[in-house]
Amino acid sequence: MRPSGRKTHEMRPVTIETGVSRHAEGSCLIRVGETAVLCTASIDEKVPGFLKNKGHGWVTAEYGMLPRATHTRMRREAKEGQSGRTQEIQRLIGRCLRAGVDKVALGERQIVVDCDVIQADGGTRCAAITGGWVALRIAANRLLKAGLVTSDPLSAPVSAVSCGIYAGQPILDLDYPEDSEAGVDGNFVMTGGRLIEVQMAAEGATFSREEMDRLLELAADGTAALAAIQLAAVE
């Protein structure tokens, strides 16, 4: 039995509220159970120096957690410097979102997606990727409406979900109590039914090929459900 009482294939409730930042070109607040992440997308009409005059754009991301997003207060990284975990997560978000972008269609501009964790209860990076795509989609819609791009730079939604093995059972969408005790933990990022990235590791227990296949099946179902929620949010 899962601590939350959910079935092995059951996700936490997911809501996405758009337009939460009046200044950002795209924004949303995504809630996955008790995890909440504010995602904003900002359009910059220039690209990083290494892409100047290359004929295409860029998407990058930044990620952070508010001091009381967790059970005990954390020091602000603006004061202490970014941790290795933060750097790894924001690089993950950036490259996953870029996988769903036609950078030539975007033109020579950059979109920065900021993901700020307001409350953490497991799966913050997955929520950030899922909500980050929604903010990015809204920003791209603005470019299309303004005639600044002639073709849509985004295709299918990019969504992410965690899967793992808890108490010997493959489960979908781990919350913090499950994540902290799971024998196997993984994050799956997909778009249009195809994998972008898989982060998978045993944490005290090994896993079989059959269990891995089951986790992939759960992830495919979970990301498909998230994609439907993402599309509903932007429509």
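For this structure, a couple of remarks:
- Candidates D121, D116 - the one that is out of contact with any Cys (no Cβ under 6 Å at 6 or more places or on another chain) and either farther than 14 Å from A61 by Cα or of a type in the set (S, T, Y) (or both): D121
- Here R2, R31 are screened, and the one residue that is in contact with a Ser or Thr (Cβ under 8 Å, 6 or more places away or on another chain), closer than 30 Å to G168 by Cα and outside any loop (DSSP other than H, G, I, E, B) is R31.
- Within region 143-173, tally of residues that are in contact with a helix residue (DSSP H, G or I) (Cβ under 9 Å, 6 or more places away or on another chain) and assigned to a loop (DSSP other than H, G, I, E, B): 10
- Qualifying position, being without any contact (Cβ under 8 Å) to a residue 60 or more places away in the chain, surrounded by fewer than 15 Cβ atoms within 10 Å (Cβ to Cβ), over 20 Å from E88 (Cβ atoms) and out of contact with any helix residue (DSSP H, G or I) (no Cβ under 6 Å at 6 or more places or on another chain), among A202, A228: A228
- The sole residue among V113, V134 that is of a type in the set (V, I, T), assigned to a helix (DSSP H, G or I) and within 16 Å of T18 (Cβ to Cβ) is V134.
- Pairs where the first residue, in region 44-71, is free of Cβ contacts under 8 Å to residues at least 12 places away in the same chain and the second is surrounded by fewer than 17 Cβ atoms within 10 Å (Cβ to Cβ) and aliphatic (A, V, I, L, M), C-beta under 6 Å, 6+ apart: P67/M74
- Some residue of region 62-71 being at negative phi and in contact with a Pro (Cβ under 8 Å, 6 or more places away or on another chain): no
- Condition met for L144 (farther than 30 Å from M212 by Cα, at pLDDT 95 or above, of a type in the set (A, V, I, L, M) and surrounded by fewer than 21 Cβ atoms within 10 Å (Cβ to Cβ)): yes
- Residue count, region 72-121 (criterion: among the acidic types (D, E), buried (at least 16 other Cβ atoms within 10 Å of the Cβ), more than 14 Å from the chain's Cα centre (by Cα) and within 30 Å of T150 (Cβ to Cβ)): 1
- L136 being crowded, with 22+ Cβ neighbours inside 10 Å, at pLDDT 95 or above and either of a type outside the set (S, T, N, Q) or closer than 17 Å to H56 by Cα (or both): yes
- Identity of the residue in region 34-58, among the β-branched types (V, I, T) and assigned to a strand (DSSP E or B), that ends up surrounded by the fewest Cβ atoms within 10 Å (Cβ to Cβ): I43
The values are calculated or read from the model by the stated rules, or taken from the named source; none is laboratory data. Here the structure is a predicted model, which means the values were calculated and not measured. Ideal geometry is used to build each Cβ from the backbone, glycine not excepted, and the neighbour counts take in all protein chains shown.
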